[in-house]
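First up is the structure itself, then whatever we jot down about it.
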Amino acid sequence: MTERLFQAENLSVSFGGIRAVQDLSFSVEQGEIFSIIGPNGAGKTTVFNLISRLYDLDRGRMIFEGDDISGLAPHQIAERGIARTFQNTELFERETVLNNLLIGRHIHRSTRLLDEFLFLPGVRRQELEFRKRVEDVIDLLDLQPYREQIIGNLPYGVRKMVEVARALCMEPKLLLLDEPSSGLNPEETEDLSYWLEDINEDLGITVIMVEHDMNLVARASHRVLALADGLALAVGAPSEIQNHPDVLRAYLGD
Amino acid sequence: MRFVLKTHYGQDVDLFKHSGQRFWYAALAIMVGLAPWIMDDFYLGELSLVFIYAIAGIGLMLLVGYTGLVSLGHAAFLAIGAYSHAYLLGHGVPFPVALAAATLFSAVIGAIVGLPALRMIGIYLAVATLAFAIIVEQVLSHWESVTGGYRGMPVPEAELFGLSLMGSQTFYYLCLALLVASLLAALNLLRGPTGRSFIAIRDSEISASSMGIHLARTKSRAFAISAGFTGLAGGLFAHKLGYLAPDAFTLLTSIQLLLMVVVGGLGSLHGVIFGAIFIGLLPQAIAFLRDTLPPAAAQIPGLEPGIFGLILVLFLIYEPLGIYGRWRKIRLFFDEFPLYRSATYRRQKSYLRTERVR
């Protein structure tokens, strides 16, 4: 626990009469895996959509690496080094795994349109460089068998991993994983927890994860934030949260 | 069966993936290169028209097939290219400069049209581009000092270094050279970051923006590039027509262009070529067929558009991937022979939202 990478201050957003997130504050340290849990409709994915600026904040602000990012456009968030995955996967369906991952390298491009029309040597060099980085991620997540396959033909579990891989290709500083284990079988979930460790420890990427699988949360995360009805219930180590009376009440009722 | 052994990442970047492709494309190049010695002027002219359609189709394909933005107004860009090229030629601008300027001018107009279109998708965008095409048509009809209005505007002869480019052979080679250049430019674009960002927008805007793709800028870029290619085709089309009048660039032309990319096969540059051959040569084929029919059947009015429409409907029902889709299936059959599995391309219903391909 060294320095603060991301900080949310009094985030609030409502849709019509529904207060999706209310006065939510939390901070994520450099290098930790931070999980957000909560019953359905608690506002977990909304928090992600706020961070990636798909939604506008009503109140509050978000600080990333000391800069206020609450007013940036979604693509600028990516350029800052925040990558994300989606709950139901949002891949480029008609493209191969390889091309999906190459799109993940988009923010690292340095060529200009005119160079690309002529495919100057610089463009080729960049393509080969991109490919090398992509292959590193493919090796890390064991996606070799699927490299040339069209996303539309892949099983759901593989797609989830391709989405994580695509986010990793961006070489982000902060990775937002929205229910990475949903739709995975127990074995795949097990693999996921090892990969999370690799991503976090070997690549040094800070992770914020929304997750329902408490086993995975307990195993992988350093700290947990429990949400219910858009309000923060508790923040702490996984074991504390699992036994926290407010959290139990939110899940099980009185 | 063919197995390509990959030993270097560059092989995936190269345009030709294996020696078989190199051989067949070389054969094709020799064939189209020698065509003027084999064909008479009429067929050469028809083939030049196919090339012109193909250049316009590349533009439309980049927009519709790769970026997923539908345009019902591409006849307008064709018209802008044609008129500005003819206008500049008429004012003594040399041919290459006039053609380049017409291309750039169309691209700029494309970018401007793209701006309000950025917030629209699907049918709304189609209607907006349609409105744009109608505006352009009106401007062409009424801005008489520049366009000649309904009377039209003669297209000056194209010359390069004192040589006329208007002979059917030289014009054929001109169209061929520009088509090859356009194809290379489009292929290069598609294997680089910009092409991939177009595809990303087509398949998922939300995810594209989370990947750092600037939606507005990329879409307006797609519009500009698309309009540029179509404007270039317009410049050549002007020479093909010889005399410009607004009725050459109507809604029907836009629809024909759109048909070309859909029938050819959305999302492939092969499809553009197939579609251009289809659009360019089918009317001739139908006219040819008409001569062989019994007089009673041949005299039915509207036979040509009828057959045209029928073929289109059959394609949409049985081969939504277009001519290129059919081509790929046939090729795979031979590639995998004798191990081809008949269910490879069987269409399946998909239920998961993520399995649906829009």
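Odds and ends about this structure:
- Cα pair distances of the stretch B:248-301 binned at 10 Å [whole percent]: 24, 36, 29, 10, 0
- Signed unit charges on C-beta, dipole axis of the stretch A:45-197, positive-most listed residue A:TRP195, A:LEU168, A:LEU120: A:LEU120
- Gaussian network model of chain B, springs between alpha carbon atoms under 10 Å - residue of B:LEU174, B:LEU282, B:LEU310 with greatest fluctuation: B:LEU310
- Inter-label distance, nm, simple model (7 Å from Cα along the C-beta direction), A:ALA234/B:LEU314: 7.1 nm
- Other residues within the sphere of radius under 14 Å centred on the Cβ of B:ILE323, judged by their own Cβ, net out at +3 (K and R +1, D and E -1).
- Distance between the stretch B:73-102 and the stretch A:1-80 - C-alpha centres, whole angstrom: 52 Å
- Number of partner chain Cβ atoms within 10 Å, mean per residue of A:90-99: 5
- Label point distance in nm, A:ILE150-A:ASP198, each placed 7 Å from Cα along Cα→Cβ: 2.9 nm
- Note, ³J(HN,Hα) from phi for the stretch A:12-22, Karplus 6.51, -1.76, 1.60, rounded to Hz, x at Gly and Pro: 9, 8, 10, 10, x, x, 8, 8, 6, 9, 10
- Degrees, to the nearest 10: A:156-169 long Cα axis against longest axis of chain A: 70 degrees
- Over the protein assembly as shown, volume per residue of the alpha carbon convex hull, in Å³: 199 Å³
- Comparing B:PRO36, B:ALA233, B:LEU160 along the charge dipole axis of chain B, the residue lying farthest to the positive side is B:ALA233, per the Cβ-charge model.
- Descending Cα extents along the principal axes, the stretch B:53-115, whole Å: 39, 25, 15
- Shielding of peptide A:74-81 by partners, expressed as the average count of other chain Cβ atoms within 10 Å per residue Cβ, is 5.
- Near A:LEU5, the amide H atoms lying under 5 Å from its own belong to A:VAL28, A:GLU29, A:GLN30; only residues 5 or more places off or on other chains count, and H is placed 1.01 Å from N.
- Label-point separation in nm, B:TYR9 to A:ARG249, each point 7 Å along Cα→Cβ: 5.5 nm
- Amide H contacts for A:ARG59 (H built 1.01 Å from N in the peptide plane; partners 5 or more residues away or on another chain; cut-off under 5 Å): A:SER12.
- The relative contact order of the stretch A:90-198 comes to 38 percent, based on Cα pairs under 8 Å that sit 6 or more residues apart.
- When only Cα pairs below 8 angstrom with a gap of at least 6 residues are kept, the stretch A:4-109 shows a relative contact order of 25 percent.
- Normalised by 2.2 N^0.38 Å, with N the number of residues, the alpha-carbon radius of gyration of chain A equals 1.04.
- Just checking the listed ones, A:SER35, A:SER25, A:SER110: in the Gaussian network model of chain A with Cα springs under 10 Å, the one fluctuating most is A:SER110.
- Listed from fewest to most Cβ neighbours within 10 Å, the set A:LEU227, A:LEU216 follows the order A:LEU216, A:LEU227.
- Table column - 3J(HN,Hα) (Hz), the stretch B:118-124, Karplus curve with 6.51, -1.76, 1.60, x for Gly and Pro: 5, 8, 10, 10, x, 5, 5
- Within chain A, DSSP assigns beta bridges of which about 55% are antiparallel (rounded to the nearest 5).
- Sequence-separation-based contact order of chain B, relative, with Cα cut under 8 Å and 6+ spacing, percent: 29 percent
- Fewest neighbouring Cβ atoms within 10 Å first, the residues B:ASP14, A:ASP191 line up as B:ASP14, A:ASP191.
- Translational diffusion of the stretch A:91-171, µm² s⁻¹ [Kirkwood Rh, Cα pairs; Stokes-Einstein; 37 °C; 0.692 mPa s]: 252 µm²/s
- Chain B - charge dipole about Cα centre, Lys and Arg +1 at Cβ, Asp and Glu -1, debye rounded to 20: 1660 debye
- Charging the Cβ of each Asp and Glu at -1 and of each Lys and Arg at +1, and nothing else, the dipole of the stretch A:1-100 about its Cα centre rounds to 280 debye.
- In order along the stretch B:67-83, phi translates into HN-Hα couplings of 9, x, 9, 8, 10, 9, x, 6, 4, 5, 5, 4, 5, 4, x, 5, 5 Hz, rounded to whole numbers, per the Karplus curve 6.51 cos²θ - 1.76 cosθ + 1.60 with θ = phi - 60° and x for Gly and Pro.
- Candidates B:LEU321, B:LEU78, B:LEU332: whichever shows maximal mean-square fluctuation once chain B is modelled as a Gaussian network with Cα springs under 10 Å: B:LEU332
- The order of A:PHE26, B:PHE334, going from fewest to most other C-beta atoms within 10 Å of their C-beta, is B:PHE334, A:PHE26.
- Dividing the summed -39500 (n - 2.57) terms of all DSSP H runs of n ≥ 4 by the residue count of chain A sets its mean residue ellipticity at 222 nm at -11000 deg cm²/dmol.
- Amide hydrogen neighbours beyond the local backbone of B:GLY212, cut-off 5 Å, H modeled: A:ALA78
- For the protein assembly as shown, share of DSSP beta bridges that run antiparallel, in % to the nearest 5: 60 percent
- Diagonalising the gyration tensor over the Cα atoms of the stretch B:38-302 and scaling each eigenvalue by 5 before taking the square root yields semi-axes of 29, 23, 19 Å, largest first.
- Rounded to the nearest 500, the helix-only mean residue ellipticity at 222 nm of chain B stands at -23000 deg cm²/dmol, with each DSSP H run of n ≥ 4 adding -39,500 (n - 2.57).
Rule-based calculations on the coordinates, nothing more; no lab input. This one's a predicted model, so the numbers in the text were calculated from it and none came from an experiment. Virtual Cβ from ideal backbone geometry, glycine too; neighbours counted across all protein chains shown.
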